[in-house]
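The values are calculated or read from the model by the stated rules, or taken from the named source; none is laboratory data. None of the values given here were measured: they were computed from a predicted structure. Ideal geometry is used to build each Cβ from the backbone, glycine not excepted, and the neighbour counts take in all protein chains shown.
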Amino acid sequence: MKKLIFAVIIFSGIFAVSCEEDDVCVGEGTPYLTVVFRNNLGTENLRDSLTIESATNIEFNDAVIVLPKTLTDSVKLPLGGLDDSQTFFRIKRGSNPESDILTVNYTTKSEYVSKACGFRITYENLSYTSTFNHFQAIDPSESNVLTDETTTNLYIRLSSN
């Protein structure tokens, strides 16, 4: 029995010191677009019940639900892959049947992160358009580059109803 315990301790010790720092990927993945919803004056965040779908075409064929009906004032939205240059988001407020379509245009760039993480996608030349059904305005951040999730990329001012 003592030999078994000793073997387990030796094996565990060898296993623990054999891992390299690059064997675990922490952060540094493909960033999400950070969107904050504001009141129509743009002075404070506005919590609302939102449902968000994402698609690579305006017809929303094969749409993916990014956010099921949730009460929130901000979201992180995934953009497309290396072959995409545009992503559409259908944003529905509460039980209102009319949705807004947010269109995000961008160019992609692949960058090497590390042995464990591999490659990630970053986004440049971000631009936004909307249908403005419930949106009063869309206010992009000063930077049109998305390389991490530390800053808000887009503020959307919602109408009061």
Practice task
Take the residues in region 25-76 that are of a type in the set (S, T, N, Q) and free of Cβ contacts under 8 Å to residues at least 40 places away in the same chain, then tell me which one is surrounded by the most Cβ atoms within 10 Å (Cβ to Cβ).
Solution key: S54
Practice task
Kindly indicate whether R120 is basic (K, R), out of contact with any Gly (no Cβ under 7 Å at 6 or more places or on another chain), touching a residue at least 12 places away in the same chain (Cβ under 8 Å) and surrounded by 15 or more Cβ atoms within 10 Å (Cβ to Cβ).
Solution key: no
Practice task
Restrict the check to region 142-152 and report whether at least one residue is within 18 Å of V36 (Cβ to Cβ), surrounded by 12 or more Cβ atoms within 10 Å (Cβ to Cβ) and of a type in the set (S, T, Y).
Solution key: yes
Handout entry: Close pairs (6 angstrom Cβ cut-off, 6 or more residues apart or separate chains): closer than 19 Å to D100 by Cβ in region 135-153, basic (K, R) and in a loop (DSSP other than H, G, I, E, B) anywhere
Key = none
Problem - Lone unmet requirement of (1) under 19 Å from N40 (Cβ atoms); (2) surrounded by fewer than 17 Cβ atoms within 10 Å (Cβ to Cβ) for I156 - result: (2)
Exercise for the section: Out of the residues in region 2-30 that are outside any helix (DSSP H, G or I) and of a type in the set (A, V, I, L, M), state the one that is modelled with the highest pLDDT. Expected result: V24
Handout entry: Total residues in region 31-60, condition farther than 19 Å from T129 by Cβ, part of a loop (DSSP other than H, G, I, E, B) and either among the hydrophobic types (A, V, I, L, M, F, W, C) or in contact with a Gly (Cβ under 9 Å, 6 or more places away or on another chain) (or both)
Key = 2
Practice task
Starting from residues that are in contact (Cβ under 8 Å) with a residue 12 or more places away in the chain and surrounded by fewer than 16 Cβ atoms within 10 Å (Cβ to Cβ), keep the ones in region 106-116 and report whichever is farthest from F37 (Cα to Cα).
Solution key: K115
Exercise for the section: State whether the residues of region 91-99 include one that is free of Cβ contacts under 8 Å to residues at least 24 places away in the same chain, of a type in the set (D, E, K, R) and surrounded by 13 or more Cβ atoms within 10 Å (Cβ to Cβ). Expected result: no
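Can you say whether I91 is of a type outside the set (F, W, Y), in contact with a His (Cβ under 9 Å, 6 or more places away or on another chain) and within 13 Å of S130 (Cβ to Cβ), as far as the supplied structure shows? Please lay out each step first, then the result.
On the way: of a type outside the set (F, W, Y): yes; in contact with a His (Cβ under 9 Å, 6 or more places away or on another chain): yes; within 13 Å of S130 (Cβ to Cβ): yes.
Yes; evaluated as a whole, the condition is true for this residue.
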Completion exercise
If we ask which residues in region 61-99 are over 29 Å from D148 (Cβ atoms) and either aromatic (F, W, Y) or in contact with a Cys (Cβ under 8 Å, 6 or more places away or on another chain) (or both), their number turns out to be 0
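Of all residues being assigned to a loop (DSSP other than H, G, I, E, B) and either touching an Asp or Glu at 6+ places or on another chain (Cβ under 9 Å) or modelled with pLDDT under 90 (or both) in region 124-141, which is surrounded by the most Cβ atoms within 10 Å (Cβ to Cβ)? Just the residue, please.
Here the answer is H134.
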